[in-house]
Amino acid sequence: MNRRAESLLLRAAVWLAIGLTAGILAWIVIYILCKGVPHLTPSLFAWKYTSDNGSVTPAIVNTVTMTLLSLSLALPVGIGAAVYLSEYARHDSRTAAVLRTAAQTLSGIPSILYGLFGYLVFVITLGWSFSLFAGAVTLALMILPVILRTTEEALLSVPQSVRDASFALGAGKLRTVFRVALPSALPGILSGVILATGRVVGETAALIYTAGTVAQIPKSIMGSGRTLAVHMYALWKEGLAQDKAYATAVVLLGVSLGLNLLSDAVAKKLGKGRELRG
């Protein structure tokens with residue numbers, strides 16, 4: 001087989017993979033829309049949940065609250081650890097090697113194990129009971145490896161010449177990191193944040209054991225509440241509200257799509273702003 005034939009074969013294989021992936025994704029989206037859109041009624045967005053309306057509004061509020069809490073807990077730790085690994089740690093540092101290994105290990109642990117850990121430690125041992133805060137801390141542990149690894153890769157992608165120019169102008173190490181390196185790596189960091197947000201929005205197993213399944217907006221973060229994914233699971237499990245479960249899936253799909261479009265727009269804006277400053 002000559003090189004031209006090999007090239008054509010590889011190109012055909014690539015296009016076939018793309019077509020299969022796009023086809024499967026389109027089939028899933030169309031199936032969800034066909035099943036759920038007819039059941040999107042005004043009562044589905046009532047402020048309070050009842051067994052009759054199956055309202056998703058409390059779940060939407062809890063999802064936003066859970067996302068903000070999880071990110072506020074995970075971002076400082078994840079970005080700080082990434083700054084240490086990429087800017088301060090030596091390449092042969094044992095501490096850095098342990099942190100990277102721990103991050104890779106934690107990213108591969110099933111979410112149900114995080115849920116059991118959160119239940120035993122936060123709900124039982126610390127006495128937080130089923131609450132949004134217990135769920136948020138558990139999810140923060142889940143998304144921490146994602147934020148750490150993506151932030152580290154984004155910082156490593158910043159050219160060393162940019163740092164050297166900052167040092168040449170008299171800036172110190174800390175100032176260079178926070179005024180030069182981190183802003184330059186912001187689009188990559190934002191991508192990691194969006195990936196983490198997607199995992200928080202779609203998580204179910206870990207939250208059932210930590211945040212609970214109460215279909216209401218709690219009075220505080222120490223109260224129990226269900227997110228959109230948990231709400232959809234609870235409706236489907238009941239077996240009597242599958243139409244509302246499909247409608248909830250449409251809402252969840254819309255939230256995920258909105259987050260992706262928002263992240264793409266912000267990343268492009270940041271990239272253009274950096275090019276203009278350059």
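The values are calculated or read from the model by the stated rules, or taken from the named source; none is laboratory data. Everything numeric here is computed off the predicted structure, so don't read it as measured data. No Cβ is skipped: glycine too gets one built from the backbone with ideal geometry, and neighbour counts run over all protein chains shown. Quick note on the areas: whole protein, heavy atoms, side chains included, nothing else; ligands and nucleic acids left out. Shrake-Rupley method; radii C 1.70, N 1.55, O 1.52, S 1.80 Å.
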### Task
Exposed loop trypsin sites (Lys or Arg not before Pro) only (DSSP loop, at most 16 other Cβ atoms within 10 Å): please give the longest stretch of the chain free of them, not including the sites.
91-218
### Computed lengthening from residue 179 to residue 109, 0.36 nm per intervening residue step minus Cα-Cα distance
21.7 nm
### Query
Between residue 126 and residue 95, what is the spin-label point distance in nm, taking each point 7 Å from the Cα along the Cα→C-beta axis?
2.4
### Query
What number comes out for the charge environment of residue 171, summing +1 per Lys or Arg and -1 per Asp or Glu over other residues with Cβ under 14 Å away?
+2
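Restricting to DSSP loop positions (anything but H, G, I, E, B) with no more than 12 other Cβ atoms inside 10 Å of their own Cβ, which chymotrypsin sites (Phe, Trp or Tyr not before Pro) remain in segment 173-262? Present the calculation step by step, with values, prior to reporting the outcome.
Values: sites: 178, 209, 233, 236, 246; in loops: 209.
Answer by residue number: there is no such site.
Percent relative contact order of segment 6-145, based on C-alpha pairs within less than 8 angstrom and at least six residues apart?
Working: 75 pairs, mean separation 32.4, N = 140.
Dividing the mean separation by the residue count of segment 6-145 yields 23 percent.
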#### Entry: Whole-angstrom gap from segment 63-102 to segment 1-28, using each part's C-alpha centre
37
### Query
What residues qualify as long-range amide H neighbours of residue 55, i.e. H under 5 Å apart, gap of 5 or more or another chain, H built at 1.01 Å from N?
50
#### Entry: HN-Hα J in Hz across segment 224-236 - Karplus 6.51, -1.76, 1.60, θ = phi - 60°, x for Gly and Pro
8, x, 9, 8, 4, 5, 5, 4, 5, 5, 5, 5, 5
### Query
With respect to the cross-link table entries 35/219; 35/269; 48/237, which display a Cα-Cα separation exceeding 25 Å?
35/219; 35/269
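What does the helix-only formula give at 222 nm for the chain: each DSSP H stretch with n ≥ 4 adding -39500 (n - 2.57), the total divided by the residues, and the result rounded to the nearest 500 deg cm²/dmol? Don't jump to the answer; show the numbers that get you there.
Values: 11 runs with 189 residues, N = 278.
About -23000 deg cm²/dmol.
What is segment 83-200's relative contact order, in percent, from Cα pairs under 8 angstrom and six or more apart in sequence? Show your work: numbers first, answer last.
Details: 80 pairs, mean separation 34.7, N = 118.
Worked out over segment 83-200, it gives 29 percent.
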### Charge context of residue 87, other residues only, Cβ under 10 angstrom, K/R +1, D/E -1
+1
### Query
How far is helix 94-107 tilted, in degrees, relative to the longest principal axis of the Cα atoms in the chain, given as a value from 0 to 90 rounded to the nearest 10?
30
### Query
In the chain, what percent of the accessible surface is made up of carbon and sulfur (1.4 Å probe, ligands and nucleic acids excluded)?
67
